[in-house]
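Okay, structure first, notes after.
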Amino acid sequence: MNFLNAIPVVSQIKSAVEAACGNPQAALETQIEFADACSAIPVLSQLKSGVQAACGDMEAARKTQEDFSKQCIGVSQLRSLTEHAMGDSAAALSTQKEFLNGPGMAQASVVTGVVAGPALAAAGIAAAGFGAGGITAGSWAAGLMSSYGGSVGAGSLCAVLQSAGAAGIGAGTSAVAATVGGAVGLGGAKAVEVFDT
């Protein structure tokens, strides 16, 4: 499975682009993969299971619930802990492996990256020496500023970073940081998948 197809919104945008570019089969495949992967998403998995049960497919509804309990980040960890506490270490390990290799890991990694990205960007800017009181003497920021030869132009990297350090990062910078954080999170999920194989 393509991990992008497991991420809400991203998979829907991907499917729309595929359809708009004249590839309805790829768009349908993306939607099918998302429907399979949504078992790790709390509200969507319950809706999926309810529809399956309402259509009389009780086995599929049961499987969706089981997948949810093994793939949703919080629920899977509680399940694994309970299995281990009840003396079934093999089942606990199996639940952990399914979580790590399933869509839940990718979804959790992307969400973590999106949430942490802006905070890490702001912390990095401050750590570099760009702050509310100006540029910190002897810092990396001071070195960057001195490289401008005493004339820091508006819109330059130094000016933008100092503005962010003094006033906080804006919506645009937050969006970029969230996007980069999400991409890093997805890369981390893929690294876990490769490492586990």
>> I need the Debye-formula profile for region 122-188: one equal scatterer per C-alpha, no solvent, reported as log10 I(q)/I(0) at q = 0.11, 0.13, 0.15 1/Å, two decimals.
In response: -0.29, -0.40, -0.51
> Extent of region 34-104 along each principal axis, from alpha carbon coordinates, in Å, largest to smallest?
Replying inline: 37, 20, 16
>> Lysine pairs in the chain with Cα distance under 24 Å, only those 8 or more apart or on different chains: how many are there?
In response: 9
>> Within region 7-50, name every residue whose backbone N is under 19 Å away from a label modeled 7 Å from Cα of residue 63 along the Cβ vector.
In response: 29-41, 44-50
>> Given an 8 Å cut-off on Cα distances and at least 6 residues of separation, report the relative contact order of region 1-102 as a percent.
In response: 18 percent
> What angle do you read, to the nearest 10 degrees and between 0 and 90, between the alpha-carbon axis of helix 42-54 and the longest principal axis of the chain?
Replying inline: 20 degrees
>> Give me the mean projected area, in nm² to one decimal, of the convex hull enclosing the Cα positions of the chain.
In response: 16.6 nm²
>> With unit charges on the beta carbons (Lys and Arg positive, Asp and Glu negative) and the dipole taken about the Cα centre of the chain, which residue among 104, 82, 129 sits farthest to the positive side?
In response: 129
> Taking only DSSP H segments of four or more residues, each worth -39500 (n - 2.57), what value at 222 nm results for the chain once the sum is divided by all its residues, to the nearest 500 deg cm²/dmol?
Replying inline: -24500 deg cm²/dmol
> Ranked from highest to lowest mean number of other Cβ atoms within 10 Å per residue, what is the order of the peptides 111-120, 34-43?
Replying inline: 34-43, 111-120
> So, with +1 on the Cβ of K and R and -1 on the Cβ of D and E, and no other charges, what is the size of the charge dipole of the chain about its Cα centre, to the nearest 20 debye?
Replying inline: 520 debye
>> Using the Karplus curve 6.51 cos²θ - 1.76 cosθ + 1.60 with θ = phi - 60°, what ³J(HN,Hα) values do you get for each residue of region 177-182, in whole Hz, with x for Gly and Pro?
In response: 4, 5, 5, 5, x, x
> Got a sec to turn the phi values of region 10-22 into Karplus ³J(HN,Hα) couplings, 6.51 cos²θ - 1.76 cosθ + 1.60 with θ = phi - 60°, whole Hz, x for Gly and Pro?
Replying inline: 4, 5, 5, 5, 4, 5, 5, 5, 4, 5, 5, 8, x
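Every number in this text was worked out from the coordinates using simple rules, so none of it is lab data. Quick caveat, the model's predicted, so the values are computed rather than measured. Virtual Cβ from ideal backbone geometry, glycine too; neighbours counted across all protein chains shown.
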